[in-house]
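One structure is given below, encoded as structure tokens.
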């Protein structure tokens, strides 16, 4: 265990982990356009959904992981080795060293921002992989959904935490938002992610949980698209600001948001 002095900690490059949620077609993927070009030059776009038509002309490097193990390898390279893990485990030193032997994978380590589109689809890839693992079958060879969802939760949380521990990198997760109605006919918003464990724990893993939504201010004007950054809020959207620097409503511009979150001279708004 290394003691880090206050001066050393203040000088460290510290990335931000952000989850942006929103309904279909609200423009989540298009937020990639709002990153500054200097940031885009060091951004890797993980196009899991294959829905990059809206950003086809954006000058950014991209990967298209098709299967869950490829997403695990991506997180291992960007997050670095976890010395606490045994050699055979994902994200261990052995796993990381093996990834570094592949020149194309090793090249990914130079990127400082990861834009993941989306966690919703990443969880679907993970679920498909989990269905094929021994934990998903009973001793008699029958499907065991409890085993599948248990493995899904462990695998997704480990993946998210691996990227969370990439301290010097920005990670921007995109996920769908859905409205649900309970047994008392009460409506609420929740993240659309396969597996309850991931959906519940994601807000505690990221620094910022932000809802991109058309906001009606009740002033008779058409709704205006914006970032809802704090909770509780009048619309009941999921939101969290760990930094204390964001207003409840922020302009839907990732470049400006990152500057506000990372500059050391920003004034805290509390919360």
Within the group 208, 194, which residue is surrounded by 14 or more Cβ atoms within 10 Å (Cβ to Cβ) and modelled with pLDDT under 95? 194
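Among the residues of region 246-271, write down those that are in a loop (DSSP other than H, G, I, E, B) and at pLDDT 95 or above. Steps first, please.
Step one: list which residues in region 246-271 are in a loop (DSSP other than H, G, I, E, B), which gives 246-248, 251-253, 263-271.
Matches in region 246-271: 246, 247, 248, 251, 252, 253.
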Considering residues of region 153-191 that are under 17 Å from residue 108 (Cα atoms) and touching a strand residue (DSSP E or B) at 6+ places or on another chain (Cβ under 7 Å) only, the residue surrounded by the fewest Cβ atoms within 10 Å (Cβ to Cβ): 164
Being in a strand (DSSP E or B) and under 22 Å from the mean Cα position of the chain (by Cα) is the filter here; which residues of region 224-234 pass it? 225, 226, 227, 228
Condition test on residue 121, is it under 23 Å from the mean Cα position of the chain (by Cα) and buried (at least 16 other Cβ atoms within 10 Å of the Cβ)? yes
So which strands (runs of 3 or more DSSP E) are wholly in region 11-86 and hold at least 3 residues that are crowded, with 16+ Cβ neighbours inside 10 Å, modelled with pLDDT of 95 or more and touching a strand residue (DSSP E or B) at 6+ places or on another chain (Cβ under 8 Å)? 17-22, 43-47
Being surrounded by 12 or more Cβ atoms within 10 Å (Cβ to Cβ) and more than 19 Å from the chain's Cα centre (by Cα) is the filter here; which residues of region 98-108 pass it? 98, 99, 100, 102, 105, 106, 107
Checklist (1) over 20 Å from residue 67 (Cα atoms); (2) surrounded by 15 or more Cβ atoms within 10 Å (Cβ to Cβ); (3) under 14 Å from the mean Cα position of the chain (by Cα) applied to residue 137, failing item: (3)
Check every one of the strands (runs of 3 or more DSSP E) wholly within region 104-223 and list those with 1 or more residues that are touching a residue at least 24 places away in the same chain (Cβ under 8 Å), within 21 Å of residue 90 (Cα to Cα) and in contact with a helix residue (DSSP H, G or I) (Cβ under 7 Å, 6 or more places away or on another chain). 113-117, 170-181
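The values are calculated or read from the model by the stated rules, or taken from the named source; none is laboratory data. Keep in mind that what you see is a predicted model, and the values were worked out from it rather than measured. Cβ sites come from the backbone with ideal geometry, for glycine too, and all protein chains shown count toward neighbours.
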